[in-house]
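Derivation of every value follows stated rules applied to the coordinates shown; laboratory data play no part. Not measured: the values here are computed from a predicted model. A quick note on method: Cβ atoms are made from the backbone with ideal geometry, for glycine too, and the neighbour counts reach across all protein chains shown.
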Amino acid sequence: MDANFGGKLKRFAGSAGTVFNRAVQFTEEKLGSAEKTELDAHFENLVNRSEKTRVWTEKTLKSTEALLQPNPNIRMEEMFYEKLDKRKRDRNNVYESLGGVMVDAGNEFGPGTAYGNALVKSGQTQILIGNAYREFVTSTANNFLQPLQNFLEGDMKTIMKEKKILETKRLDLDSCKSRLRKAKHVASQTQDDVIAKAEADLRQAQSEFDRQAEITKLLLEGITSTHAHHLRCLNDFIEAQMTFSSQSQQYMVDLQKQLGSFTAVPGSQTAPSSTTPNTLGLNSASSTLAPTPSPPSIQVTASTPATEKKQARVLYDYDAADATELSLLADELITVYRLPNMEPDWLMAERGSKRGKVPTTYLDVLE
């Protein structure tokens, strides 16, 4: 029992002495009173490259997470559930939430009306975009974020651990060099066995340092293959983003075509078209009403020349009071002009094949 205790005490004292020697060496290096073993230029370049890889991988990871979930509170909540190994709550994304509100609003106004039907179709399109966005998020998380996270928590942690061990071996080596120099300096006052022990310690420290340097170098050189892997992951991310963008654009083009086919006359009913394909997967396709011919009194003829046609932006929604007027939607662009003997507060407007009078107070005529 006493022998075991003595051995443990001796090992503890030796370990404490080693830690003390490292601290002394580190302090003297900082003060400039001790020499430091420098790594070769190639090794230093490998170390710098690994550190740059770590820093920029962390920044890329955080920025991509912010792109997928801009709300930092929700990000922290999802991270919390991941740490607890619990299933994340399946919440709607912003597109799906907006789509749900639009569909509910359209049903409230009445899907049989032009405005209600437009809201329903717009909402369903937003939901389709939300589904595409959900696929983009899943693909990015699996094929881009996860590999970056695995690198930081796996290979990078190993590299940092081995670099730390290498630094301790380097301190041990330089401490042994320092002790040997001091022993030789006072050789006349010391015994030969002290110098011999210092030389033996130096050889062992040099061997351990060289072995650790080789291990660390091999890990650092592996950063090249890491970059190649991250490049493939980046390509997957860009491809997923491109797919989401193209799908969203196509959904919006299809929606724009359907909205452009509406005749926004209050109380008008929409009827399914037998020839137009259902591009949005809705219950009924977009519908059109036969254009109402304008009364002869407001038609443009050779005997009633109109003023120069201009573009105008609609400021507010306007519902036509009768067949001679044209209903308007805020922010749309239309063509306007004035007919002879026309009231000063009105202009003729054209949108595609449709034409009718509109009040000037609802327009911003562009010069």
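Overview of values
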item: Debye-sum result for region 123-211 in log10 I(q)/I(0), which assumes one identical scatterer on each alpha carbon, at q = 0.26 Å⁻¹; result: -1.12
item: Compactness relative to 2.2 N^0.38 Å, alpha carbon Rg of region 18-245; result: 1.71
item: 233, 176 arranged by Cβ crowding within 10 Å, fewest neighbours leading; result: 233, 176
item: Cross-link pairs 257/357; 62/217; 52/217; 164/217; 62/163; 36/182 - those with Cα-Cα distance over 19 Å; result: 257/357; 62/217; 62/163
